[in-house]
Structure formats: C-alpha cells, structure tokens
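Below you'll find the structure, written out as structure tokens, and then a few comments.
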Amino acid sequence: MDPDLATWNSILSAYARNSSVSFSVDPGLLDERTSSSPEVLNLFSRMQKSLVEPNEVTLVALITACAELGALSQGFWAHVYIIKNRLTLNHFIGTTLITLYANSGCLGFARQLFYQLPHIDIFCFNAMIRGLAIHGCGGEALDLFEIMKERFAPDDVTILAVMCACSHAGLVDEGRKYFDSMAGIYSLEPKLEHYCCLVDLLGRAGLVKEAEERILTMPMRPNAVLWRSLLGAARVHGYLEIGEVAVKKLVELEPETSGNYVLLSNMYSCMKRWDDAKRLRELMKDRGVDKTPGSSLVEVDGAMHEFLIGDKSHPHTRDIYVKLEQMNTKLQEYGHRARTRDVLFDIEEEEKEDALSYHSERLAIAFALIVTDPCTPVRIIKNLRVCVDCHSSTKLLSLIYKREIVVRDRTRFHHFHNGNCSCLDYW
C-alpha cells in the first residue's frame, strides 16, 4: 500500500526536525552530526513520483531542508508552487521561507517576504533578526528588535539572535547588555547557547581573558562548544596559555574531534613552533583522529557541485585548473600576496602559496566563473571558516571579474562586491 499524504508528511517532518541549523553561534562550534536534509529532498522526490500532491505541511518540511543545504533552486520552486496553487502563506511557511532566503545569501528576498507577510508573529521576527545577524547587518537587526518589542515580549531565541548580531558586528557593550537583560528585564534564564554566544562575542573582540572568566564562573558545567570557542579566540589573538588550557578540556570531552587539535596546531605554526605542531599532529595520528577536509558547494542550474581542497574529480577539472591559474595571475597583478603564516607545515613559501591556491572555495569560484552567467552572483557554501588568504583573494576576485560572490562559511555570510566584503574584515 502506497503512503498517503499524512504518512508522507509525518516522515518528511521527522527528518526535517533533525535538519534545522542555527547560525546564532558558530555552527562549526556545535556538536557534529549527520544532516538528514538530503534525505528530505530524496523522499520528496519519491512522493512526487507517487503522484501525491503536497500541502502546506509538506512544503514546510521541504523548505526547511533546502534552507539548511542552501538549495535555493528547490526552495524557490516550493515558493512558486505555493503561489501558483494558492496555498496559505501562513507564519510557518513564512518563517521557513525567510530562513531559506537568508541561508542562501538572498537577504533582499528575505526582507521583501518579511514585510509582505499578512501576519507576522515572534517566529517571523526571530527568523528575520537572525537572517540579518548572520549577514553582518547588526544595526538593522537591532532596529528590528526594537520594533518587535513593541508587539511581542522577546523569548530566549530572540535574545540569542540579537546577541549573534552584536557578535558579528563587533558590538561588545550592546551584546553584554542584551545578555544581562535576560534575567534582569525579561525573567529569562540564560542557557548554554547564550553563554556560547557571549564567549564568542568577547573572543572575537579580543577580550579573551574576560571570555575565559565567563566560562569559569558560569552556573552550569561548560561544554565542548564553549571551550572550542575560547580556543578559536585564543588562536586568533595569540593567547597561547589559554589556548592550551582549552585544548586540554576539549581532549577530555571530545578526544576524537579533529578540529580541537587543528586549532592549536595552527596556533603553534603561526608562532613557528614547528616541533610543537609536529608533536600535535603525531598525537592525532596515534589516536586515529583525521582532520575534517575543507569542502565547498556551488549550485549551478539546480545541481550542487562539491569541491575538496586540491580536488581533481570534477568532469571540468582541466578547465577549472586553467581558470585557477588565470585567477592567480590576475591576483598577483593586482598586488595580492598569499598569507602563508596559517599554513600548518614547515615547508617553503612557494609550496605554501600553492596549498592556499587550491583551497576548495577557489576551485568552486573558478568553476562558477566558467559556467555561470557573468551577470549573476556566485554563491558558495563552505563547511569551514573561511581562511584569511581566501578572504582577501575573494575580495579582489569580486573586483577583477566584476561579480558579486556570496560565501556562507561555518560562521556567517560574506558578501564580496567590488573589492570589499560585508563583514568589514571582522569575522
């Protein structure tokens, strides 16, 4: 017996609930898990073949999965289907569509939809504030929060989104104020997520010692997310002793997670402490810990193309590497010099530059420049935080090729346009 609509909806909704992702803090700092979003798309395809027509519940599940994957074409199809079939654009669908467009780098669409919704509730506000936050629009997010407060009392999700906006915009005093307002004004108990966001806020601003103090004095036991955030801040700002303390805690909590070792190894490498970096890599090898490879996705004509560092498996590999060499030549002509201090290994500078030029997002950009219309934005989804060298080179590439390049990394969105980035080099 073939499943009916109710059965399909139950299955799709169950998978979709396991797919939702939040950018309120660095998603890469969260516990690793296997995404079920691709399974939602596969199941929906089977449902279509069975000739069962979707309803609003079905489409919420589908759009939720598309939002996590950044599958803009499929999500846009769902939006068009809703309009053509005159389905109800309720707040559930509205919220998921806002999240879809925000997650896909289409902040203009998210704004337009938000202000056109017939009924806006706190969930819609939370989604829009979060959409603004991860794109670095801190001021606009806080302005919208002030409007929301006139209609609804903020909940813990709202405060988390607002703190995220402060973190990405470097608004330290404001972020502290909103954290303190939870108990002081709104009678909300801060959760681990709020402490994670506070530590992230302080760490990004270089207040690493204050971030450590917050962790040590918080009322609940710190988890791996907090220690990893502190480790990342210690690496960026050069607090080696705090970084080593954080790694010891992380190895106790997550001995199999490669990112913990890699962050400290990067720290040693930046300080040219090659013996310590080598010792850490050997420890990883002894414990059977493999480094998570960097990967980048780019959507072309509804199909997702994935690239790994130094990838040569794509059917257009030859053309991609020819384009990559052209890009590198143009970058040098525009004065770009590779930032090699973050490359882990004690090797020659020229070899380090080669390692950087084959990063996954460079390959994805090269492919997109070959096969997409020159007037369209290039949209990249990356599983790791964008490195400093790729960030500076992508700014130049947006100027050289006169293309908008939107990169969604594990932390936030970067909108590269005319040689600049929306993050203002604060990420």
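Worth a mention:
- The chain: calculated mean residue ellipticity at 222 nm from DSSP helix runs of at least 4, using -39500 (n - 2.57): -19000 deg cm²/dmol
- Beta bridges per DSSP with both ends in the chain, % antiparallel, nearest 5: 80 percent
- Relative intensity, log₁₀ I(q)/I(0), of segment 132-275 from a Debye sum that treats every alpha carbon as a point, q = 0.10, 0.17, 0.18, 0.22 Å⁻¹: -0.37, -0.92, -1.00, -1.29
- Kirkwood Rh and Cα Rg combined as Rg over Rh, evaluated for segment 42-159: 1.00
- Spatial extent of segment 162-201: Rg and Dmax, with the Cα atoms as the point set, Å: 9.3, 26
- All-pairs Cα distance distribution in segment 247-338, expressed in whole percent, bin size 10 Å: 13, 28, 26, 26, 6
- Of the GluC sites (Glu not before Pro) found in segment 60-154, the ones in coil according to DSSP and having at most 15 other Cβ atoms within 10 Å of their Cβ are Glu150.
- Measuring only protein heavy atoms, the 1.4 Å probe finds Trp77 accessible over about 100 Å².
- Which of Met271, Met128 is most accessible, then next, and so on - probe 1.4 Å: Met271, Met128
- Rounded accessible area of Leu263 (nearest 10 Å², 1.4 Å probe): 40 Å²
- Cα-based equivalent ellipsoid, segment 133-187: semi-axes from gyration tensor eigenvalues, Å: 17, 13, 8
- Largest-first principal axis extents of the Cα set of segment 109-154 (Å): 26, 23, 13
The values are calculated or read from the model by the stated rules, or taken from the named source; none is laboratory data. No experiment lies behind these values; they were computed from the predicted model shown. As a convention, Cβ positions derive from the backbone with ideal geometry for all residues, glycine included, and neighbour counts pool all protein chains shown. Ligands, DNA and RNA are stripped out before the accessible areas are found, and what is left, the full protein with its side chains, is counted by its heavy atoms. Shrake-Rupley method; radii C 1.70, N 1.55, O 1.52, S 1.80 Å.
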